[in-house]
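Colleague: Have a look at the structure that comes next, please.
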Amino acid sequence: MTSPIEISFAQTDLDALITATGKLALLVAPDGGLDAAGRRLNRALRGALSRLLDSPAWAKLQPGEGVAMGWPSGLAVTDVMVVKLARRPGVDEARKAGATLAKFKGHEALTLAAGASGGIAELVLGLALRTYEFTPHKTGDKPTAKPAIVMVSKPDLAQAAAAPMLALAEGVFLTRDLVNEPANVLTTTEFALRLEALRHLGVEVEVLDEPALATLGMGALLGVGQGSDSPSKVAVMQWKGAEGAPLALIGKGVVFDTGGISLKPPAGMEDMTMDMGGGAVVAGVMRALALRKARAHVVGLIGLVENMPGPNAQRPGDVVTSMKGDTIEVINTDAEGRLVLADVMWYAQDRFNPAGMIDLATLTGAIIIALGHENAGVFSNDDALCNAFLKAAAAEGEGAWRMPLGAAYDEKLKSRIADMKNVGGREGGAITAAQFLQRFVRAETPWIHLDIAGVASVKSDTRLAPKGATGWGVLALDRLIRDRFET
């Protein structure tokens, strides 16, 4: 797995700033006032720093942005960046500053003079997240990312505050790696193996194979994968950091989605390597919880399948029986994620009787039409849990927007020959998909459905990620767990 860059903390050393190599950065408050490190650097730069802070370029900078000074005479480093950041910055500004530093750093060593500035833990998270690169399948020499040293007035406190943030970064990195991985590498079996590797962190992991799933009656899930040579599985992970009923996280893990017999158009089908994005988020959250030793009881379940055409593939018009016992007429084999989730959600409730359940899935193109790539769709049967999640997502800067549910949408799911259809037509497609899933939620279970089709992977850089997998959801779910489910 890709790892965050090596970041260490040290006591501010004015002499070491002058002799540091690689690149050097300095945090300066918006008013341009310099601390001892800034004054020492200004003297070494023969007043160039003061001139910069008095210039229009500094005045135009937004908080979290920086300006670089190339080839500074009087220092051993090749470049200096000055970043505008308040002494007590907000979370968004601090992470933005970290992302600014990550792009400035590149693969070079970085020394950051942070002094007594607040928000260092959040800055470090932004720095780590924005350094991510996915390069396992590129040949040739690969540059080795050199470490970053953060000089602060109280390094022990800064390191303690940053440790859980770096655990979060590792969770996000795992999610991004899984989503970015091609389907010929990340088969259902390989996905399961990577989840089993979490055992060394204390996560309990078991993998249910096809005979076990058949015994449980998971006909909806098994029908999706029956056209593929890659065996269907359900991975069950448990982090037992506390007693009591767990929070259950359920992930759609369709490692590749051709649409099955209802074949997708070829243009853009290569992007369907990310159709396991919901499962990847669940994996990333479980890794983060284990690394930071969260005092919470959380179970993560992922339905692992591949949706392929083939001699044994599921056909439009087939009727399958879910683990719940409801029958489903498969109108469109490309609406497969809800079939996978239906069985895994029912199994999670049957086995764990969770205090709450959240499923994540790259479920519908309709949610992208509704919300674009800025927000995930949020559907829920419980206002308190839903509002807590929306608050957590807002605090973490992960876009989320609540969508409606209602009995009127059930009319679209009526089947002539079975208990329900798996699709309800184009109108309100994301809502009818959520309405379908709600049929597999027990009345006493607080539940959220997150349709992350628009946010799991994007075509251009974001503030904290290069184009491709974003890792959306790891930060928000971790915060929800901290706020609501930790003891």
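The values are calculated or read from the model by the stated rules, or taken from the named source; none is laboratory data. If you're wondering where the values come from, they're calculated on a predicted model, not measured in any experiment. No Cβ is skipped: glycine too gets one built from the backbone with ideal geometry, and neighbour counts run over all protein chains shown.
Colleague: I'd like to know if segment 260-272 contains one or more residues that are in contact with a strand residue (DSSP E or B) (Cβ under 8 Å, 6 or more places away or on another chain) and polar (S, T, N, Q).
Modeller: No; the residues of segment 260-272 include none that is in contact with a strand residue (DSSP E or B) (Cβ under 8 Å, 6 or more places away or on another chain) and polar (S, T, N, Q).
Colleague: A further question follows. Out of all the residues in segment 463-474, is one or more among the basic types (Lys, Arg) and more than 30 Å from residue 322 (Cα to Cα)?
Modeller: Yes - at least one qualifying residue is present in segment 463-474.
Colleague: Can you tell me which residue among 204, 210, 190, 170 is surrounded by 21 or more Cβ atoms within 10 Å (Cβ to Cβ) and either closer than 24 Å to residue 347 by Cβ or touching a Leu at 6+ places or on another chain (Cβ under 9 Å) (or both)? So that I can check it myself, show each step before the final result.
Modeller: Numbers: 204 fails: surrounded by 21 or more Cβ atoms within 10 Å (Cβ to Cβ); 210 fails: surrounded by 21 or more Cβ atoms within 10 Å (Cβ to Cβ); 190 fails: surrounded by 21 or more Cβ atoms within 10 Å (Cβ to Cβ).
Answer to the check: 170.
Colleague: Identify all residues within segment 209-222 that are of a type outside the set (D, E, K, R) and either touching a Ser or Thr at 6+ places or on another chain (Cβ under 9 Å) or part of a loop (DSSP other than H, G, I, E, B) (or both); write none if there are none.
Modeller: 213, 217, 218, 219, 220, 221, 222
Colleague: Do the conditions hold for residue 179, that is, is it farther than 30 Å from residue 81 by Cα, of a type in the set (Val, Ile, Thr) and assigned to a loop (DSSP other than H, G, I, E, B)?
Modeller: Values: farther than 30 Å from residue 81 by Cα: yes; of a type in the set (Val, Ile, Thr): yes; assigned to a loop (DSSP other than H, G, I, E, B): no.
For residue 179, the condition - farther than 30 Å from residue 81 by Cα, of a type in the set (Val, Ile, Thr) and assigned to a loop (DSSP other than H, G, I, E, B) - is not met.
Colleague: Let me ask another. Select, from 350, 343, the only residue that is under 28 Å from residue 486 (Cα atoms), surrounded by 23 or more Cβ atoms within 10 Å (Cβ to Cβ) and among the acidic types (Asp, Glu).
Modeller: Of 350, 343, the one residue that is under 28 Å from residue 486 (Cα atoms), surrounded by 23 or more Cβ atoms within 10 Å (Cβ to Cβ) and among the acidic types (Asp, Glu) is 343.
Colleague: If you scan segment 142-165, which residues turn out to be of a type in the set (D, E, K, R) and under 20 Å from residue 22 (Cα atoms)?
Modeller: Within segment 142-165, 142, 146 meet the criteria.
Colleague: In segment 13-52, how many residues are more than 20 Å from residue 89 (Cα to Cα), small (Gly, Ala, Ser) and assigned to a loop (DSSP other than H, G, I, E, B)?
Modeller: Selection size over segment 13-52: 3.
Colleague: Looking at 410, 359, which is the one that is over 25 Å from residue 247 (Cα atoms) and either part of a loop (DSSP other than H, G, I, E, B) or not hydrophobic (A, V, I, L, M, F, W, C) (or both)? Spell out how you get there, then give the answer.
Modeller: Numbers: 359 fails: over 25 Å from residue 247 (Cα atoms).
It is 410.
Colleague: Condition test on residue 387, is it polar (S, T, N, Q) and either surrounded by fewer than 16 Cβ atoms within 10 Å (Cβ to Cβ) or modelled with pLDDT under 95 (or both)?
Modeller: Yes, satisfied.
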